[in-house]
1. Defining a contact as two alpha carbons under 8 Å apart and six or more residues distant in sequence, what relative contact order in percent does the chain show?
2. Full extension from Ala26 to Ala75: what is 0.36 nm times the residue separation minus their Cα-Cα distance, to one decimal in nm?
3. Report, in cubic angstrom per residue, the convex hull volume of the C-alpha atoms of the chain.
4. Kirkwood Rh over alpha-carbon pairs of region 79-176, then Stokes-Einstein at 4 °C and 1.567 mPa s: what D in µm² s⁻¹, rounded to an integer?
5. Please arrange Glu141, Glu131, Glu62, Glu190 by accessible surface area, largest first, computed with a 1.4 Å probe and ligands excluded.
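The values are calculated or read from the model by the stated rules, or taken from the named source; none is laboratory data. Small disclaimer: the values here were computed from a predicted structure and weren't measured. Accessible surface areas use protein heavy atoms only, side chains included; no ligands, DNA or RNA. Shrake-Rupley method; radii C 1.70, N 1.55, O 1.52, S 1.80 Å.
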Amino acid sequence: RTLIRRVTFDLTGLPPTPEEVEAFAADRDPRAFEKVVDRLLAAPAYGERWARHWLDVVRYGETDGFERNAPRPNAWPYRDWVVRALNADMPFDRFARLQLAGDVLHPDDPDAVAATGFLVAGIHNTVVGTEAMRVAARQDELEDLVGAVGQTFLGLTLNCARCHDHKFDPVSQVDYYRFAALLAGVGHGERPVPDRAATAALAKVTTDLDA
């Protein structure tokens, strides 16, 4: 009873039902625990539970932050994509590539485009006035993005090198600005996600023509 409670909380964040506890306690199959783990990993709640941790790492928010803290009504496709990716057991290399460049790699794939929500998941300062303030805000956004990519995928605090060579990691100030230049084309804004039905229809037509 303790074991099934622990594994169910760990994998789904929810307690097992009394019926699930009794069924596990009565199961004398040597693979009883393995079957429980497989069932929990296949449950939608697994992705919902672990997506929460990933979304914390990538600084996901459904508002912009700062004084106005305006809501982001279209932030949810990225959140839902993370849940689906975890439930589908997506390989980590693909998981990473789609978040960094999914719209470039697969521009007609709605999931790939939604995955790039990672790049704009951080804070966005809409309270800017003068040109100098806008320039400073833009550099702060780039620092946030460089830091998010570095910490999430490299385990390095690259943003420390914005003002000086990194004191602990082998990252120079030159490296920081080179990395920032790679991401300088990313900006906050709205963009359409390709229609899934239209994309599927186009893929079918292309396949039929190839055949």
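1. Contact order relative to length: 15 percent.
2. Gain on extension, Ala26 to Ala75, equals 13.2 nm.
3. 212
4. Value of D from the Cα-based Kirkwood radius: 85 µm²/s.
5. These residues rank, largest area first, as Glu190, Glu131, Glu62, Glu141.
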